[in-house]
Every structure is written in C-alpha cells, then in structure tokens.
C-alpha cells in the first residue's frame, strides 16, 4: 500500500450511501434557533405526544406538526372556495387580490387572511 491510496472506513461508506439516498428522495436539512422557552415547550410536547412508544424525535414531531397544519390550512381554504366577497363581489380565494384589504369590515378575503394567520 502506498501513502497516496485512501481507503474509506465502512462507516464513511455507509454515511455516503445514506446521504445519496436522502438526496435522491429530495430530503433537505432545515435548521432553526430556539430560545430556552421554546426548547422546553418542544421537549414537553415531544414526550406528551409520543404516547406509549416514547417521545417523538425532533424531526418526527416537526414533520407531524407541518402535516397537521397543512391539513388544517387545506380545510380552511376549502371553506373559502367560491364564497363571494361583499366588497368586490368576486369569488374567493382570489377575490379582489387585496384591493379592499384595509376595509376588513367588508372584505371577506382580508377577514379570511387575518383568521388564517398563526
């Protein structure tokens, strides 16, 4: 063996294959910063929501939250679909496109946008 030849460890090969698999699946890494209060809330929720199988991993818990919120968002959009705005007389979800947004008392789209905010 010469000093120029590099051999990869089995662990390095396994990691390389794992990264390639994740890339092929379209998995992306997402990072965030949480303060002590949010970290504590996250830990409590992961443990409580994990049930008998034990706490969710952070990735599992966040993915489930995203899926559930997306389902709720779809339900809210379904509620709006086809309703007629009193301000512009156009069907939602597009409506006036925000022209009457400052007139929240008559603009159904503005009311809906505010209701869907987190």
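Throughout, read-outs are computed from the coordinates displayed, never taken from laboratory work. In this text, all values refer to a predicted model and were calculated from it rather than measured experimentally. Glycine gets a Cβ as well: all are built from the backbone with ideal geometry, and neighbour counts include every protein chain shown.
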Principal axis lengths of region 35-80 from Cα atoms, whole Å, largest first?
-> 36, 27, 15
Return the calculated 222 nm mean residue ellipticity for the chain, to the nearest 500 deg cm²/dmol, obtained by summing -39500 (n - 2.57) across DSSP H runs with n ≥ 4 and dividing by the residue count.
-> -17500 deg cm²/dmol
Quick one: if the Förster radius is 41 Å, what FRET efficiency do residue 40 and residue 83 give, using the C-beta to C-beta distance and rounding to 0.05?
-> 0.50
What is the order of 62, 34, fewest Cβ neighbours within 10 Å to most?
-> 34, 62
In degrees, nearest 10, the alpha-carbon axis of helix 58-80 is tilted away from the dominant principal axis of the alpha carbons of the chain by 20 degrees
For residue 6 and residue 116, extending 7 Å from Cα along the Cα-Cβ vector and measuring point to point gives, in nm, a value of 4.9 nm
Extension reserve of the residue 31-residue 19 stretch, reckoned as 0.36 nm per residue once the Cα distance is removed | 2.6 nm
When only Cα pairs under 8 Å and 6 or more residues apart are kept, what is the percent relative contact order across the chain?
-> 11 percent
Mind pulling the angle between the C-alpha long axis of helix 10-25 and the longest principal axis of the chain? Nearest 10 degrees, somewhere in 0 to 90.
-> 20 degrees
Inverse of mean 1/r across different Cα pairs in the chain, Kirkwood, Å = 19.2 Å
